[in-house]
Amino acid sequence: MIGSKIFKFFMAAMLLAPMLGAAEDDVRVAMTRSGPVRGSEEAGIYVFKGIAYGANTAGANRFRPPQPPTPWTDARDATRFGDRCPQIKAPGTPAWNSWAEPTRSSENCLVLNVWTPGMRDRARRPVMVWLHGGGFSVSSGASPVFDGAHLARRGDVVVVTLNHRLNVFGYLYLANLGAPQYADSGNIGQLDIIAALHWVHDNIEEFGGDPDSVMIFGESGGGGKVGTLLAMPQAQGLFQRAAMQSGFAVTAITPEAATKATAALLSALHLKPGEVGRLAQLPVDTILNALQEQTHGMPFGFGPVVDGRSLSRHPFTPDAPAFSANVPLLVGSNKDETTVLFPPPGVFDLDWPGLESALRPTLFKGADASTLIAAFRKLRPRATPSDLYFTVTTERTMGANAVTVAERKAALQRAPVYLYRLEWQTPVEGGKLRSPHSLDVPLVFDNVAKSASLIGAGAAEAQRVADTMSAAWLAFAHNGSPNAPGLPSWPPYDPERRATMVFNVQSRAIDDPLYQERKLLAPFAAVPASP
């Protein structure tokens, strides 16, 4: 009997040994629900690129909700990024040259990328899912600044970036044009993201992640995608924490405005409203050329639609969505967002009459720009005209939106919200960009070295800010609070103290740091006032 047991044990060990060896040799092969993928190892971090989370969206799938990918059996290569959604090139700035991403595109673009410190080790690490910016119209999850290796290594987290449908392929509202088969077309870009979050829930344990500890975060349009997901019932339960960076989706697009934009595109395509069905057969280049014509190269008029189906309300108007009330939120903006957001000619060298001329078109019709300028000159006597232009245009939009979201989230009194403001200034271009839109991205990702065109000679200072910001985001991913040993104390936001973390070489929380500016700008606010 004993001999028989020993023999069986020996045989089992002999059979198991090759399997263990194979598993060890194939540590870079991950088994997803759809099939195996083979990634790479880079300095101790396992990297998987271009994993399909949805089927090709061309042909019959165009303008329709995402479908699961066709399963496969052989290990697919996952060492290079997948295609991004077709798009036209939007105006940019030399400050973003370091972030050039692969430009290969197709409608087979539902892919994601994973960075992880460990495979199949049951470590149940927090998962940080990044939603890229570019409005809802351009870019992808493959930019070098989104490389998740530093975050994964520094914070013992799993980082995911993704591509989804954009511009007219992701947000063209066709429901009011007699096309019931396209009832969801106004939000399929968001539905793609939800499909990716389902993929995370179903597969991330294979990559050492915890499907019940997911943080979504994004900047600019990515922040707007986060804000919209907070208002979409289909996304609830797929993430437990959220961060919105310089993008907020306080409101979405109304069906009326979306239908008008769609009609303009159809006109550019020489199609009548009753010919919507032909859109699925048109070549991609034909659609993109029409988009170029309609938007004059500024393809930012498309985005989530309050369609009464997947999105039944504005994300943060008139209040914060109650069904995501238990999700802790981190939200904020940069001091001088508008220095890179298509500034008008001459705006960096304004005189005082020039400031009034430049500022007037940015305000509501009939607003008294001269009175506002006089009040700001009294408040900030050492500011130049250009300084005040960027302050006013930033704070009445991005800054006001950040505060509005924080106020409305805090009013629910269910989960904490943390407000921040980035004030560190980049030295590139002689310092004229100040604290521009997107400066937070390399700091949060701890990717200063991948951002020379934006950080420049300020790399040492920038690294100090990156150390603080990335550590705060990692703490938030782990615990739902950006507070951790070694970091400055960051109280939750409330309408009395209005605590705001001001990130700089020396970061600290300040109660209501822009109290006077906020009061001056209140009559000019670009967002609806809090109830």
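Read-outs: derived from the displayed coordinates by stated rules, not from any lab. Since we're looking at a predicted model, the values are computed, not measured. Neighbour counts run over all protein chains shown; Cβ positions are idealised from the backbone, glycine included.
Structure above, values below:
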item: Segments 357-370, 187-200 sorted - mean Cβ within 10 Å per residue, highest first; result: 187-200, 357-370
item: Long-range amide H partners of Leu350 with built H, under 5 Å; result: Ser386
item: Packing rank of 486-492, 215-221, 139-145, where each peptide gets the mean count of other beta carbons within 10 Å, highest leading; result: 215-221, 139-145, 486-492
item: Under-5 Å amide H pairs with Ser213, H placed in peptide plane, nonlocal only; result: Val127
item: The chain - charge dipole about Cα centre, Lys and Arg +1 at Cβ, Asp and Glu -1, debye rounded to 20; result: 500 debye
item: Percent of beta bridges antiparallel (DSSP, the chain, rounded to nearest 5); result: 35 percent
item: Relative contact order %, the chain, counting alpha carbon pairs below 8 Å whose residues are six or more apart; result: 14 percent
item: Computed over the range 29-295: relative contact order in percent, which uses C-alpha pairs under 8 Å that are six or more apart; result: 19 percent
item: Rounded, prolate or oblate (a/c below 1.5 giving rounded, otherwise prolate when a/b exceeds b/c) for the range 426-531 by Cα gyration tensor; result: oblate
item: Listed candidates (i) 46.6, 125; (ii) 24.3, 101; (iii) 31.3, 123 - label of the one calculated as Rg and Dmax of the Cα atoms in Å; result: (ii)
item: For the range 107-179 and the range 437-483, distance of Cα centres in Å; result: 19 Å
item: Relative contact order of the range 441-531, pairs being alpha-carbon contacts under 8 Å that are 6 or more residues apart, as %; result: 18 percent
item: Which of Leu265, Ala183, Ala509, positive extreme of dipole for the chain (C-beta unit charges); result: Ala183
item: Candidate aspartates and glutamates - alpha carbon under 15 Å from Lys260, same-chain residues fewer than 8 apart omitted; result: Asp307
item: Given charges at Cβ of Lys, Arg, Asp, Glu: the chain dipole, positive-most of Thr93, Ala325, Leu110; result: Ala325
item: Sparse-neighbour loop sites [chymotrypsin sites (Phe, Trp or Tyr not before Pro); the range 48-78; at most 15 other C-beta within 10 Å; DSSP]; result: Trp72
item: Residues with amide H under 5 Å from that of Asn334, placed H, sequence gap 5 or more; result: Leu422
item: Over 22 Å (Cα to Cα) - which of Lys89/Lys432; Lys378/Lys519; Lys335/Lys519; Lys365/Lys519; Lys335/Lys378 fall in this group; result: Lys89/Lys432
item: Under Karplus coefficients 6.51, -1.76 and 1.60, residue-wise ³J(HN,Hα) of the range 126-134 in Hz, glycine/proline x; result: x, 10, 10, 9, 8, 10, 6, x, x
item: Table column - 3J(HN,Hα) (Hz), the range 246-256, Karplus curve with 6.51, -1.76, 1.60, x for Gly and Pro; result: 6, x, 9, 6, 4, 10, 10, 8, 6, x, 5
item: Among 175-181, 327-333, the order from most to least packed when residues are scored by Cβ within 10 Å on average; result: 327-333, 175-181
item: Phi-based couplings in Hz for the range 180-189 (Karplus 6.51, -1.76, 1.60; Gly and Pro marked x); result: x, 5, 10, 4, 9, 4, x, 9, 5, x
item: FRET efficiency, Ala58 to Asp26 (Cβ-Cβ, R0 30 Å, nearest 0.05); result: 0.40
